[in-house]
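Peer 1: Below is one structure. I have some questions about it.
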Amino acid sequence: MSAILLTGGAGYIGSHTALALLQAGFDVISIDNYSNSNDEALKRVQQLAGRSLQSLPMDIRDEPALTALFKQHRISAVVHFAGLKAVGESTEQPLAYYDNNVAGTITLCRVMQQAGVKRLVFSSSATVYGDAKTMPIVETAPRSATNPYGQSKLMIEHILEDLAASDPDWSIALLRYFNPVGADKSGLIGEDPNGIPNNLMPFISQVAVGKRAELSVFGNDYPTKDGTGVRDYIHVVDLADGHLKALEYVQQHSGIDAFNLGTGVGYSVLDMVQAFADQNKVPVPYRIVARRPGDIASCYADPSKAKQLLGWQAKLTLDDMVQDSWRWQQQNPDGYQS
């Protein structure tokens, strides 16, 4: 039987997708260089699924190792998560982001092409829309980037578009995620950021659990209902389901298509803080500080294309997101090191 290869399979979204694939009956191979992930995540995935996967330490820039992998295994499609993903860090270390994200993807695609494996689901991002002028954002909106992380995702989209145009056998889905939050209901797998979290939900959770004194809210003078930034938060379990639907889609179609994965609803930073505090009966002290450079006022998706073509839509609510985030944080105060 052929397997699905996950690059960066031990990461936050990769591990939840690995679980969804195992539960759906797929054979899964994960490769990861563990630069910002932990193998413990995949041990827990197998425990939850009651099935095993193959997990190999490997960097997508290691062409000989990748080539050997494709020779040793029957791989039918690749779900490509492997990438550095911190906006702030990308502005400090742009070369690392272009090397890992862009050069790594080129190496992966070259090896796939040589192996005749031309089904790819790519983990892109809503950052490719830059500072979008109209909400909700549709897939045909103009693309631009406001930081090297977003630029790396946008470059990869262009590379994959050129690849699909050059060879009609390729079938590629570009999944533009909005803001993934939450964790598996079990509390066994979740988001485990290195150092200070870049994302709102793990920061709220770490404040609530007492690891950090207070949340910094970057700016309350945006043109939004309460002055704080508005984003489209999507539960990671819904997001994982989106990858399954995209995988089915690329097995049946050729060419390249982009899909927004979001709920279509924008919540402000203070909405999230309030929902977390109310649902989990726990205080979340916060302080308003200056805006962060590169942040935009609001960003939320029009997810109707994914519903129409993939048969996918987000099902889990804001309450699910904050409850599941808190369960993970309480059970794993220090992430996978706990």
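Peer 1: Rounding to the nearest 20 debye, state how big the charge dipole of the chain is about its Cα centre with +1 on each Lys and Arg Cβ and -1 on each Asp and Glu Cβ.
Peer 2: Numbers: 28 positive and 36 negative charges, 58 e Å.
Dipole size: approximately 280 debye.
Peer 1: Here's a follow-up. Counting other C-beta atoms within 10 Å, which of 305, 85, 118 has the fewest, and how do the rest follow? Kindly include the intermediate steps, with their values, before the conclusion.
Peer 2: Details: 305 17, 85 24, 118 20.
In increasing order of surrounding Cβ atoms, one gets 305, 118, 85.
Peer 1: Moving to a separate point now. FRET efficiency for residue 113 and residue 248, Cβ-Cβ distance as r, R0 = 22 Å, nearest 0.05?
Peer 2: On the way: r = 22 Å, r/R0 = 1.02.
Once rounded, the FRET efficiency stands at 0.45.
Peer 1: In whole percent, what relative contact order does the chain give with Cα contacts below 8 Å and a gap of six or more residues? Present the calculation step by step, with values, prior to reporting the outcome.
Peer 2: On the way: 688 pairs, mean separation 63.8, N = 338.
Reported relative contact order: 19 percent.
Peer 1: Still on this structure, I have one more. Note down the magnitude of the dipole of the range 122-254 about its Cα centre, charges +1 on Lys and Arg C-beta and -1 on Asp and Glu C-beta and zero elsewhere, to the nearest 20 debye. The partial results should precede the final answer.
Peer 2: On the way: 10 positive and 17 negative charges, 89 e Å.
Here the range 122-254 has a charge dipole of around 420 debye.
Peer 1: Between residue 196 and residue 23, how high is the FRET efficiency from 1/(1 + (r/R0)^6) when r is the Cβ-Cβ distance and R₀ = 30 Å? Nearest 0.05.
Peer 2: Values: r = 33 Å, r/R0 = 1.10.
With R0 = 30 Å, the Cβ-Cβ based efficiency is 0.35.
Peer 1: Of the listed pairs 245/281; 43/71; 153/185; 43/307; 118/315, which have alpha-carbon separations greater than 27 Å here?
Peer 2: Details: 245/281 35 Å; 43/71 25 Å; 153/185 30 Å; 43/307 32 Å; 118/315 30 Å.
Where the Cα-Cα span goes over 27 Å, the pairs concerned are 245/281; 153/185; 43/307; 118/315.
Peer 1: Size of the dipole of the range 210-309 about the Cα centre, Lys and Arg at +1 and Asp and Glu at -1 on the beta carbon, nothing else charged, in debye to 20?
Peer 2: Details: 11 positive and 12 negative charges, 62 e Å.
The dipole of the range 210-309 has a size of about 300 debye.
Peer 1: Another question about this same structure. Percent antiparallel among DSSP beta bridges with both residues in the chain, to the nearest 5?
Peer 2: Values: 2 of 44 bridges.
Approximately 5 percent, going by the DSSP bridge assignments.
Peer 1: Report the relative contact order of the range 1-54, percent, no decimals, based on alpha-carbon pairs under 8 angstrom and at least 6 residues apart.
Peer 2: Numbers: 77 pairs, mean separation 22.4, N = 54.
Relative contact order of the range 1-54: 42 percent.
Peer 1: Residues in the range 79-102 near a label at residue 159, defined as backbone nitrogen under 11 Å from the 7 Å Cα→Cβ point?
Peer 2: Counting only backbone N, you get 98-102.
Peer 1: Of 204, 196, 29, which has the largest mean-square fluctuation in a 10 Å C-alpha GNM of the chain?
Peer 2: Comparing 204, 196, 29 in a Gaussian network model of the chain, the most mobile one is 196.
Peer 1: Quick one: order 291, 176 by neighbouring beta-carbon count within 10 Å, fewest to most. All intermediate terms of the calculation are to be shown ahead of the outcome.
Peer 2: Numbers: 291 13, 176 25.
So the ranking, lowest neighbour count to highest, is 291, 176.
Peer 1: Determine the distance separating the Cα centre of the range 9-39 from the Cα centre of the range 95-138; give it in Å without decimals.
Peer 2: The two parts, judged by their Cα centres, are 18 Å apart.
Peer 1: Then there is this: Compute the length gained on full extension between residue 308 and residue 74: take 0.36 nm times their separation in residues and subtract their Cα-Cα distance, giving the result in nm to one decimal. Walk me through the numbers before you get to the answer.
Peer 2: Values: separation 234, 0.36 × 234 = 84.24 nm, distance 3.12 nm.
Fully extending the segment from residue 308 to residue 74 adds 81.1 nm.
Peer 1: Based on the mean of other beta carbon atoms within 10 Å per residue, what is the order of 268-280, 148-160, most packed first?
Peer 2: Details: 268-280: 19.3, 148-160: 21.3.
Put in order of decreasing packing, that is 148-160, 268-280.
Peer 1: Ok, one more. Among 216, 265, 250, which residue has its Cα positioned farthest towards the positive end of the charge dipole of the range 206-276, with +1 placed on the Cβ of Lys and Arg, -1 on the Cβ of Asp and Glu, and the dipole taken about the Cα centre?
Peer 2: 216
Peer 1: Would you please give the FRET efficiency between residue 131 and residue 46, computed as 1/(1 + (r/R0)^6) with r the Cβ-Cβ distance and R0 = 45 Å, to the nearest 0.05?
Peer 2: On the way: r = 41 Å, r/R0 = 0.92.
The pair residue 131/residue 46 has a calculated efficiency of 0.60.
Peer 1: Moving to a separate point now. Between residue 279 and residue 169, what is the spin-label point distance in nm, taking each point 7 Å from the Cα along the Cα→C-beta axis?
Peer 2: 4.6
Peer 1: Tell me the relative contact order for the range 174-271 as a rounded percent, counting alpha carbon contacts under 8 Å between residues six or more apart. Provide the component values of the computation, followed by the final result.
Peer 2: Working: 114 pairs, mean separation 40.0, N = 98.
So the answer I get is 41 percent.
Peer 1: Still on this structure, I have one more. In what sequence do 263, 134 fall when counting other Cβ within 10 Å, fewest first?
Peer 2: 134, 263
FYI, it's all coordinate maths here, none of it is from the lab. All values derive from a computational prediction rather than experimental measurement. Glycine gets a Cβ as well: all are built from the backbone with ideal geometry, and neighbour counts include every protein chain shown.
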